[in-house]
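Some notes on the structure that comes next.
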Protein chains: 2
Amino acid sequence: MLSNAGCPKTMLSIKDALDAVEGRWKLLILFALAEKPKRFSQIAKEVHGITDKTLSKELKSLEVNKLIRRTVLDTFPSTIEYAITPHGLSLEKVLDELHFWGLAHRKEVIGK
Amino acid sequence: MLSNAGCPKTMLSIKDALDAVEGRWKLLILFALAEKPKRFSQIAKEVHGITDKTLSKELKSLEVNKLIRRTVLDTFPSTIEYAITPHGLSLEKVLDELHFWGLAHRKEVIGK
């Protein structure tokens with residue numbers, strides 16, 4: 001990859017991937033939903049420190065990127081549930097690599 | 001990884017990795033240096049659109065993160081060269097995964 005130095009298409013796809021998970025909340029929300037589908041209030045409780053306004057915005061962004069799906073359940077009163085999609089789950093391998101590299105990086109930079 | 005939902009250490013290492021490559025310039029600079037060690041002016045020419053001030057800041061950040069190494073060469077006048085480190089090269093697998101997922105993501109979201 002690093003040897004594809006000049007290829008703008010490679011850079012574009014890497015940027016797409018980074019954009020989809022950027023910020024401090026998206027991955028935390030995906031982690032919360034990886035367990036099982038949840039309602040807004042449940043997610044808000046599990047993702048510590050997030051405001052309702054930000055959660056709302058991030059859920060929208062994750063939905064547009066097809067990483068989660070929003071479903072209106074046929075209950076009374078109606079309830080809305082958020083679930084991770086197969087595409088969202090496909091981030092697994094990327095997150096694995098980021099995780100392992102992040103561990104090695106911490107060791108390299110701060111030596112522990 | 002996504003099933004390690006509640007693990008803060010996992011989240012931390014992923015965040016470390018994302019931080020190391022965030023922004024629009026760091027990867028472009030690493031790509032330029034993956035080919036061979038280069039001087040400031042060469043990098044500035046190859047990374048289109050970057051200002052000297054930003055390049056200087058980003059090189060510093062990459063150096064602190066041990067992704068590149070800055071060497072003062074024993075020439076007259078002295079020249080400074082930047083080279084990617086083995087740790088910088090170890091990003092290869094992460095970038096591969098980001099690249100492949102980014103391609104799939106583009107297909108999924110905008111269907112092309």
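Structural remarks
- Nm distances between copies for residue A:77, ranked from closest, using label points 7 Å along Cα→Cβ: 7.2
- Here the dipole of region A:1-91 is about 80 debye; that uses its Cα centre as origin and unit charges on the Cβ of Lys and Arg (positive) and Asp and Glu (negative).
- Look at the stretch A:15-24: the mean tally of other chain Cβ atoms within 10 Å of its residues' Cβ atoms is 5.
- With its label point put 7 Å out from Cα toward Cβ, residue B:35 sits 4.9 nm from the same residue's point in the other copies, in order from shortest.
- Helix B:8-21 and the longest principal axis of the C-alpha atoms of chain B enclose an angle of approximately 40°.
- Residue of chain A nearest the A-to-B rotation axis [by Cβ], rounded angstrom distance: A:97, 2
- Across chain A, Cα pairs under 8 Å and at least six residues apart give a relative contact order of 22 percent.
- Per residue of peptide A:54-61, the mean number of Cβ atoms on other chains within 10 Å of the residue Cβ is 0.
- Here the ratio of the Cα radius of gyration of chain A to 2.2 N^0.38 Å is 1.27.
- Compared with the dominant principal axis of the Cα atoms in chain B, helix B:92-110 is inclined by about 50°.
- Formal net charge of residues neighbouring residue A:60 (Cβ-Cβ distance under 14 Å; K, R +1; D, E -1): +3
- Tilt relative to chain B, helix B:52-64 - C-alpha long axis, 0 to 90 degrees, to 10: 70 degrees
- The label-point distance for residue A:57 and residue B:53, in a model that sets each label 7 Å from Cα toward Cβ, rounds to 2.6 nm.
Taken together, the values in this text are just the output of simple stated rules run on the coordinates, not laboratory data. What you are looking at is a predicted structure, and each value in this text was computed from that prediction instead of being measured. Note: ideal-geometry Cβ built from the backbone for every residue, glycine included; neighbour counts use all protein chains shown.
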